[in-house]
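Participant: First the structure, which I've put down as structure tokens, then a few questions once you've had a look.
Each reported figure results from applying straightforward, stated rules to the coordinates on display, with no laboratory input. Just so it is clear, the structure is predicted and the values come from calculations on it, not from any experiment. Don't worry about glycine lacking a Cβ; one is built from the backbone with ideal geometry, like all the others, and counts go over all protein chains shown.
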Amino acid sequence: MWHVRTGRTTAAAALCVLLATILSGCATPREQLGASVTQSISAVQTARLAITLNEHGASTFAITSTALTDALSQLTDAAHAATELDLSGGRDSSARQATLALIRQSTDAVNAAREAMNERRSLYEARTRLGELAETLTAEARRLGVPG
Amino acid sequence: MKNLSGFALGILTAIGAFVDIGDLVTNAVVGSRFGLGLTWALALGVAGILLFAQMSGRVAAVSGRTIFEIVRERLGPRAGLANLVGSTFINVMSLTAQVGGIALALQLASSVDYLLWVPVAAFGLWIVVWRTKFSVLENVTGLLGLTLIVFAVAVFLLGPDWGSLARQAALPAVPSGEQPATYWYYAIALFGASMTPYEVFFYSSGAIEEKWTVKDLTRSRINVLIGFPLGGLLSLSIAAGAAIVLMPQSIQVTSLSQVVLPVAAAGGKVALAFVIVGIIAAIFGAALETTLSSGYTIAQFFGWSWGKFRRPANAARFHVTMILCLIIGIAVLLTRADPVLITEYSVVFAAVALPLTYLPILIVANDRQYMGEHVNGKATNALGVGYLVIIMVAAVAAIPLMIITGAGA
């Protein structure tokens, strides 16, 4: 009897610890927006690196094109995550609008880079634009309290 | 030439198993997010697979039977069935990830959408498994996979701050912006990727395919001691390249195209050509291993005729099993499930299933009835038990950490 009770108590304690750990791992809306911005920075920087390597003749068309497509998928995922957030306050809502606007601009910039590459035009403009966006996104991440 | 082919099994197992899609992605993700701060987890995995692959090769060479056959006989059908269910699930998941990986690598070479390559990759695998001799299969993929050494060359060409890399590896820390739970989640993923169960099933079944005997024990040790550390070195190079090029630019790896960018930055198109050939060969090798492992485990459990050394007509159920596993893989991928995500999940689930594989190996390797004088020594047993404790901890922690971190997001 004593053994059964001890076993149950241990199981219940373990469950509580597990639940507490899971709940402590849940992110706030601003942290989740921060994650979308971090993801967007990664996508924009990937696109910038891929076209820089292409400009210097260090990469092939196929790899650059695939990297740009993957960057677009990453931006789509970031936008999706930010859109689906259930927000309560006006402050969070305006932060979301700012994040989504930046993701949209990043998507346009990556698409512009892809078009320039397909039409064999100079990639300089696209690279510069992506560099600017990376800086803006980094500032936004700081504003949202993303460490690093 | 005979000596060369003698070492091919170890090299194929190491290149194919260590540097499969799971390892390529996991190491690049870890390198881009944690630098070399998880080198210890990789080293732990390499040492673990050295220990247990050497054990499973010895069991096969001494007893003339595979691990799976003996587990069923020695531990009974229930333990065998639990082992079969766990390893088949991981095998099919890994196989799906590898087929997707081949398709993604072919997209990198051609810019044609990977979904169009999925059936081609699966058909190629089936033809090779059906028609090609085991020795040809291991020599070609093993040797072509060696071109992945370009990852290590790239690290030197990038001219990194070696002191900083050494500090990251020697004094592991969670970087700012990352959570401790995510760090531990990826530690388990790296450990799981290094010790994937199909590696030992393939290695022990391959030893039977090559008709190893007690005389081949030295060869087995050399195979393991060359092949797996080489795989570990390549893995470390992938992480180092990502740490040098991607991490400073805040690029977090989520796709295969990002994995090759450090190599392009270091060596341009020539290095890229080598790395693409190596990636296709290594993932194709891993896909062959997982396809064969799926057939081996199921056929060996049910006592069916199996093996590449038999004509397909004489091992019909073994071949049908492999075809069915391939069809499941294609079906999953054609739903547009992300191959990289499947890969990430497969290495974590592999960590959960590790005790089902490695505990029976340790038991069988200590059984004098099968092993005679070649049972484990005291030191091997002490290490084996120590590893089982680590494996148990990793297996228990894997799923809760996956939930807490949102699969490492």
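Participant: Cut-off is 10 Å between beta-carbons; in what order do B:Ser94, B:Ser235 appear when sorted fewest neighbours first? Display every interim value, and only then the final one.
Facilitator: Details: B:Ser94 34, B:Ser235 28.
Final ranking by Cβ density, sparse to dense: B:Ser235, B:Ser94.
Participant: Putting +1 on Lys and Arg Cβ atoms and -1 on Asp and Glu Cβ atoms, find which of B:Ser111, A:Thr66, B:Ile403 reaches farthest to the positive end of the dipole of the protein assembly as shown.
Facilitator: Value: B:Ile403.
Participant: Once the piece of chain linking B:Gln369 and B:Ser110 is laid out straight, how much longer is it, given 0.36 nm per residue of separation minus the C-alpha distance between them? Let's see the in-between values first.
Facilitator: Numbers: separation 259, 0.36 × 259 = 93.24 nm, distance 5.45 nm.
That pair, B:Gln369 and B:Ser110, stretches by 87.8 nm at full extension.
Participant: With an 8 Å cut-off on Cα pairs and a minimum separation of 6 or more residues, tell me the relative contact order of the range B:2-405 in percent.
Facilitator: On the way: 673 pairs, mean separation 154.4, N = 404.
Normalised by residue count, the contact order of the range B:2-405 is 38 percent.
Participant: Take peptide A:37-44, look around each residue's Cβ out to 10 angstrom, count Cβ atoms belonging to other protein chains, and average those counts.
Facilitator: Working: counts 0, 4, 3, 0, 4, 10, 5, 3.
Averaged over the peptide's residues, the number is 4.
Participant: Based on alpha-carbon centroids, what's the gap between the range A:113-138 and the range B:53-123 in Å, whole number please?
Facilitator: So the separation of the two Cα centres works out to 42 Å.
Participant: Set the Förster distance to 51 Å, then compute FRET efficiency between B:Leu324 and B:Val385 from the Cβ-Cβ distance, nearest 0.05. Present the calculation step by step, with values, prior to reporting the outcome.
Facilitator: Numbers: r = 37 Å, r/R0 = 0.73.
With a Förster radius of 51 Å, E is 0.85.
Participant: Here's another thing I want to ask about it. Over chain B, with a Gaussian network built from C-alpha contacts below 10 Å, which listed residue (B:Gly64, B:Gly145, B:Gly241) shows the highest mean-square fluctuation?
Facilitator: B:Gly64
Participant: Taking the 0 to 90 degree range and rounding to the nearest ten, how far is the long axis of helix B:39-63 tilted relative to the main principal axis of chain B, both from C-alpha atoms?
Facilitator: Relative to chain B, helix B:39-63 is tipped by roughly 20 degrees.
Participant: Could you run the Karplus curve 6.51 cos²θ - 1.76 cosθ + 1.60 with θ = phi - 60° over the range B:210-219 and give me ³J(HN,Hα) per residue in whole Hz, x for Gly and Pro?
Facilitator: Calculated HN-Hα couplings, in order: 8, 6, 5, 10, 4, 4, 8, 4, 5, 4 Hz.
Participant: From the backbone phi of the range B:244-253, what are the Karplus-calculated ³J(HN,Hα) couplings (6.51 cos²θ - 1.76 cosθ + 1.60, θ = phi - 60°) in whole Hz, Gly and Pro given as x?
Facilitator: Each residue's phi maps through the Karplus curve to give 7, 9, 8, 4, x, 9, 6, 8, 9, 5 Hz.
Participant: Given a Förster distance of 60 angstrom, what is the FRET efficiency for A:Leu85 paired with B:Arg131, based on the Cβ-Cβ distance and rounded to 0.05?
Facilitator: On the way: r = 53 Å, r/R0 = 0.88.
The pair A:Leu85/B:Arg131 has a calculated efficiency of 0.70.
Participant: Helix B:378-405 against the longest principal axis of chain B: what's the angle in degrees, Cα atoms only, rounded to the nearest 10?
Facilitator: Result, in degrees: 50.
Participant: Moving on. What list do you get for B:Val150, B:Val85 if you sort them by fewest beta carbons within 10 Å? Let's see the in-between values first.
Facilitator: On the way: B:Val150 27, B:Val85 13.
Lowest count first: B:Val85, B:Val150.
Participant: Within 10 Å of each residue's Cβ, count the other Cβ atoms and sort B:Asp20, B:Asp338 from fewest upward.
Facilitator: On the way: B:Asp20 33, B:Asp338 16.
Placing the least packed residue first, the sequence is B:Asp338, B:Asp20.
Participant: Once the piece of chain linking B:Phe156 and B:Val270 is laid out straight, how much longer is it, given 0.36 nm per residue of separation minus the C-alpha distance between them?
Facilitator: On the way: separation 114, 0.36 × 114 = 41.04 nm, distance 1.56 nm.
Additional length available on full extension: 39.5 nm.
Participant: Then there's this: Which of B:Ala394, B:Ala121, B:Ala315 moves most in a GNM of chain B, Cα contacts under 10 Å?
Facilitator: Taking springs between Cα atoms under 10 Å, the residue moving most is B:Ala315.
Participant: Next question. Given the peptides B:296-305, B:280-289, A:75-84, arrange them by the average over their residues of other C-beta atoms within 10 Å, most packed first.
Facilitator: Details: B:296-305: 20.1, B:280-289: 28.8, A:75-84: 17.4.
Those peptides, ordered most packed to least, come out B:280-289, B:296-305, A:75-84.
Participant: Nearest 10 degrees is fine. How inclined is helix B:316-333 to the longest principal axis of chain B, computing both from alpha carbons?
Facilitator: With both axes taken from Cα atoms, the answer is about 20 degrees.
Participant: Trypsin sites (Lys or Arg not before Pro), restricted to the range A:66-148: which are DSSP loop and have at most 16 other Cβ atoms within 10 Å?
Facilitator: Details: sites: A:Arg91, A:Arg96, A:Arg104, A:Arg114, A:Arg120, A:Arg121, A:Arg127, A:Arg129, A:Arg142, A:Arg143; in loops: A:Arg120, A:Arg121.
Within the range A:66-148, the qualifying trypsin sites (Lys or Arg not before Pro) (loop, at most 16 other Cβ atoms within 10 Å) are A:Arg120, A:Arg121.
Participant: With a cut-off of at most 15 other beta carbons within 10 Å, and DSSP calling the residue loop, which trypsin sites (Lys or Arg not before Pro) in the range B:111-207 qualify? Please list them. Display every interim value, and only then the final one.
Facilitator: Numbers: sites: B:Arg131, B:Lys133, B:Arg167; in loops: B:Lys133.
Loop-located and lightly packed - B:Lys133.
Participant: Which value, in Å³ per residue, describes the convex hull spanned by the Cα atoms of the protein assembly as shown? Let's see the in-between values first.
Facilitator: Working: hull volume 89.2 nm³, N = 557.
Roughly 160 Å³ of hull volume per residue.
Participant: Label B:Ser164 and B:Arg317 with points 7 Å out from Cα along Cα→Cβ: what is the distance between them in nm?
Facilitator: 5.9
Participant: So what J values fall out for the range B:161-169 if you push phi through Karplus, 6.51 cos²θ - 1.76 cosθ + 1.60 with θ = phi - 60°, rounded to Hz, Gly and Pro as x?
Facilitator: Listing the rounded values in order: 7, 4, x, 5, 4, 5, 5, 4, 6 Hz.
Participant: Which residue, B:Ala193, B:Ala266, B:Ala103, tops the fluctuation ranking in a GNM of chain B built on C-alpha contacts under 10 Å?
Facilitator: Taking springs between Cα atoms under 10 Å, the residue moving most is B:Ala266.
Participant: Taking each residue of A:63-72 in turn, how many C-beta atoms of other protein chains fall within 10 Å of its C-beta, and what is the average?
Facilitator: Details: counts 14, 4, 5, 14, 8, 1, 5, 8, 5, 0.
Average neighbour count from other chains, rounded to a whole number: 6.
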